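First the structure, which I've put down as structure tokens, then a few questions once you've had a look.
The values are calculated or read from the model by the stated rules, or taken from the named source; none is laboratory data. What you are looking at is a predicted structure, and each value in this text was computed from that prediction instead of being measured. Methodologically, a virtual Cβ is constructed for each residue, glycine included, from the backbone with ideal geometry; neighbour enumeration extends over all protein chains shown.
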Amino acid sequence: MTDGDYRHVYIIVEHEEGKILQVSLEMIGEARRMMDDFNKKYSSKEKVVAVLLGYNVKELPNVLIQHGADAVVCADNPELNHLRNTIYTKVIAQIAQDREIASKIELEYAQQFKRPRYMFFGADSIGRHLSATVMAQLESGLASDINKLVVADLQITHQNKTGGKPLTYEKTLEMYRPDFSGFLWTTILCLDNKNPAMQKDYHPQACSIIPGVFEVIHPDSTRQGTIIEYTPKFDEQDLRVKIIDRKIIKSEIDFDSHKAVVSFGRGVKDSPEQNIKLIEELASELDAQIGITLPLSKRPFSVSQTVDSTYLIPDRVIGISGRKVSPKVYMAIGISGAMQHISGMRDSEFIVAINPDENASIRDECDVFVKGRMEDVIPIFIEEIRKQKQVVQA
Ligand SMILES: Cc1cc2nc3c(=O)[nH]c(=O)nc-3n(C[C@H](O)[C@H](O)[C@H](O)COP(=O)(O)OP(=O)(O)OC[C@H]3O[C@@H](n4cnc5c(N)ncnc54)[C@H](O)[C@@H]3O)c2cc1C
């Protein structure tokens with residue numbers, strides 16, 4: 001294995017009802033920035049390659065090019081109309097190893113091409129599943145839920161990877177992941193085994209990326225790119241599972257028609273039942289919908305059956321594992337501000353947080369931070385809102 005075996009960054013694009021998902025555009029934006037720096041630093045011409053699977057999706061490649069892709073590999077086939085993991089995994093793995101495709105992306109690099117250097121998936125329910133199965137198929141590693149990427153040349157000494165000797169790993173993707181509610185950052189590397197006793201390559205260096213973290217590039221309709229049509233190869237076996245019908249079930253928890261969302265987290269812990277009642281009262285004054293953090297959906301407290309089944313439910317979770325909201329006012333009560341939660345609410349117009357810990361990460365995300373316990377602060381808010389309403393009505 002040599003460095004020239006791996007080229008480009010491949011981004012697995014998701015779309016729904018003819019529209020590319022925001023996270024896919026965000027990944028392309030970040031890949032564009034990353035590869036522009038990369039090509040400058042290493043005097044190379046590696047590309048941002050979008051991989052698009054679906055049926056009747058011929059309109060979408062141009063959108064991807066306008067948002068920063070150099071090339072789009074488009075597999076447009078009736079069998080790819082709806083996502084079936086086994087088929088999608090197979091086709092993505094085919095595309096990732098196809099030298100003919102690589103020759104259309106950049107002829108100069110095609111002869112030696114084995115696999116993409118880097119590969120990005122969205123860290124949503126589809127991308128998380130697909131990233132795991134594709135990387136298993138390609139026998140490489142995967143870092144999940146990443147929110148920062150850096151390309152660096154690193155000196156590594158490792159018993160298995162380098163046989164205990166210091167070796168330089170060029171063009172290594174440092175994949176940063178927020179852990180323990182964002183209190184700790186883990187850097188994940190996907191390194192080839194260069195130890196002569198156990199050589200093995202681990203490329204692509206792949207990750208799934210948290211939605212809402214990276215910025216979408218302003219679309220440029222004059223941008224030029226290459227569209228590569230790919231005809232997938234299926235076996236009879238692959239097509240055994242058929243999708244006969246598909247319905248998108250809308251959630252009963254409607255966030256969109258409310259101007260305010262009041263969300264609560266583990267900070268309700270001291271007296272969950274009473275605190276949730278307080279939050280309910282506040283939400284009612286604001287005509288707000290109620291959201292929660294992910295740990296609350298696991299029902300960590302003992303509360304009445306009504307509170308439990310009304311509020312501590314997955315449908316109310318805000319964040320990468322739940323819903324994305326952008327109300328005029330978002331109140332984060334007893335929420336620390338983990339990245340996974342923030343990405344579901346950071347587009348809110350005005351954010352108020354109530355938390356006794358002035359070092360909580362939510363402080364960096366809000367417009368108003370009220371340092372205090374919810375038990376003390378919410379009653380003051382409720383009283384003040386009622387007073388203000390009377391003034392308006394008078
Ligand atoms: C793959 C993955 C996906 C995830 N997806 C999501 C997701 O979609 N959404 C999500 O929310 N999380 C998600 N998480 C979990 C996330 O990382 C955090 O663990 C979680 O958001 C923390 O929830 P919290 O803020 O309620 O709890 P904590 O982090 O425990 O914070 C509780 C806060 O309450 C404050 N507090 C304590 N007492 C009071 C009081 N009396 N009054 C007011 N405040 C008080 C504390 O100071 C603290 O800041 C995910 C994690 C992983 C690994």
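Taking the condition of a type outside the set (Lys, Arg), within 25 Å of the chain's Cα centre (by Cα) and more than 16 Å from the ligand (Cβ to nearest atom), does PHE214 pass?
Yes.
Give me the helices (runs of 4 or more DSSP H) completely within the range 1-104, filtered to those with at least 1 residues that are aliphatic (A, V, I, L, M), assigned by TED's automatic domain parsing to the domain that holds LYS194 and under 16 Å from LEU130 (Cα atoms), ordered by residue number.
Working: elements: 22-42, 60-66, 85-96.
Because the criterion is at least 1 residues that are aliphatic (A, V, I, L, M), assigned by TED's automatic domain parsing to the domain that holds LYS194 and under 16 Å from LEU130 (Cα atoms), the helices (runs of 4 or more DSSP H) in the range 1-104 that meet it are 22-42, 85-96.
Are there any pairs with C-beta distances below 9 angstrom linking a residue in the range 230-257 that is in contact (Cβ under 8 Å) with a residue 24 or more places away in the chain and among the basic types (Lys, Arg) to a residue that is part of a loop (DSSP other than H, G, I, E, B) and exposed (fewer than 10 other Cβ atoms within 10 Å of the Cβ), with the two at least 6 apart or on different chains, and if so which?
Every condition considered, no pair remains.
Residue by residue through the range 157-178, note down the ones that are in a strand (DSSP E or B) and either surrounded by 13 or more Cβ atoms within 10 Å (Cβ to Cβ) or assigned by TED's automatic domain parsing to the domain that holds ILE342 (or both).
If the condition is that a residue be in a strand (DSSP E or B) and either surrounded by 13 or more Cβ atoms within 10 Å (Cβ to Cβ) or assigned by TED's automatic domain parsing to the domain that holds ILE342 (or both), then LEU167, TYR169, LYS171, THR172, LEU173, GLU174, MET175, TYR176, ARG177, PRO178 are the ones that fit.
Pairs only if they're at least six apart or on different chains, beta carbon under 9 angstrom, first in the range 326-351 and within 17 Å of GLN289 (Cα to Cα), second within 9 Å of the ligand (Cβ to nearest atom) and of a type in the set (Phe, Trp, Tyr); list them, first residue then second.
Listed by first residue and then by second, the contacts come to MET331/PHE264; ALA332/PHE264; ILE333/PHE264; GLY334/PHE264; ILE335/PHE264.
Right, something else. Condition check: aromatic (Phe, Trp, Tyr) and under 21 Å from ASP270 (Cβ atoms). Does PHE350 satisfy that?
no
Let me spell it out: the conditions are (1) within 12 Å of the ligand (Cβ to nearest atom); (2) touching a residue at least 24 places away in the same chain (Cβ under 8 Å), and GLU281 meets all of them except one. Which number is the exception?
Result: GLU281 fails condition (1) only.
To continue, here is another question. Return the residues of the range 346-358 that are more than 6 Å from the ligand (Cβ to nearest atom), at pLDDT 95 or above and assigned to a loop (DSSP other than H, G, I, E, B); say none if nothing qualifies.
Listed by number, the residues that qualify are SER348, GLU349, GLU358.
Looking at ALA132, is it out of contact with any helix residue (DSSP H, G or I) (no Cβ under 7 Å at 6 or more places or on another chain), among the hydrophobic types (A, V, I, L, M, F, W, C) and either surrounded by fewer than 19 Cβ atoms within 10 Å (Cβ to Cβ) or in contact (Cβ under 8 Å) with a residue 24 or more places away in the chain (or both)?
So ALA132 fits the description; yes.
Would you mind finding the one in ALA75, ALA110, ALA102 that is crowded, with 22+ Cβ neighbours inside 10 Å, more than 18 Å from GLY127 (Cα to Cα) and over 22 Å from the mean Cα position of the chain (by Cα)? Outline the logic, then answer.
Details: ALA75 fails: more than 18 Å from GLY127 (Cα to Cα); ALA110 fails: crowded, with 22+ Cβ neighbours inside 10 Å.
That would be ALA102, the only listed residue that is crowded, with 22+ Cβ neighbours inside 10 Å, more than 18 Å from GLY127 (Cα to Cα) and over 22 Å from the mean Cα position of the chain (by Cα).
Which residue, of ARG266, ARG246, is out of contact with any strand residue (DSSP E or B) (no Cβ under 6 Å at 6 or more places or on another chain) and within 16 Å of the ligand (Cβ to nearest atom)?
After applying the criteria, what remains is ARG266.
I need a count of the residues in the range 359-377 that are assigned to a helix (DSSP H, G or I) and near the ligand (Cβ under 9 Å from one of its atoms).
6
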